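Only one structure is covered here, and it is reproduced in the block below.
No value in this document is a laboratory result; all are computed from the given coordinates. Given the structure is predicted, the values throughout are model-derived calculations rather than measurements.
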Amino acid sequence: MAPMFIGLLMFSTATLLVIVTATSLIIFQKRLTGLAEGAALWSAQQGFPADKYFGQLPEDSGLDLVLRDIEVSDGKTVTVQVCGRWQAPISISITPSNLMVCGQASARAG
């Protein structure tokens, strides 16, 4: 009975760690998408490049942001893609611990 309980405990712990890591990754991607949406809206309304929006962010935001792509396809639509380096909160061998994650948004000036 004890080996079965130890196996169940190990499986449960591994599952919990994977869930925590996946949740952290999803939250980080949503945060990047929110930053990209803010930059796209600001760029479409103000008419400035989106990299000036990121110049207004605090230096200690800790996201290691990279502005990957700014497209102005028709003169009114602005597409911004923001990428950042994600670090796993708990590093285990079965999950990635260091990924480049991107969020993308578009806005139209009107």
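Applying 0.36 nm per residue to the separation of Gln46 and Gln29 and subtracting their alpha-carbon distance, the gain on full extension is 3.6 nm.
Using a Gaussian network for the chain with springs between C-alpha atoms less than 10 Å apart, which of these wobbles most: Thr79, Thr15, Thr23? Looking only at Thr79, Thr15, Thr23, the largest GNM fluctuation is found for Thr15.
Helix 2-46 and the long axis of the chain differ in direction by around 0°, with both axes built from C-alpha atoms.
In the stretch 1-45 the Cα-Cα distances spread across 10 Å bins starting at 0 as 25, 23, 19, 16, 11, 6, 1 percent of all pairs. Note on the chain: along the principal axes its Cα atoms extend 69, 26, 15 Å, ordered by decreasing extent.
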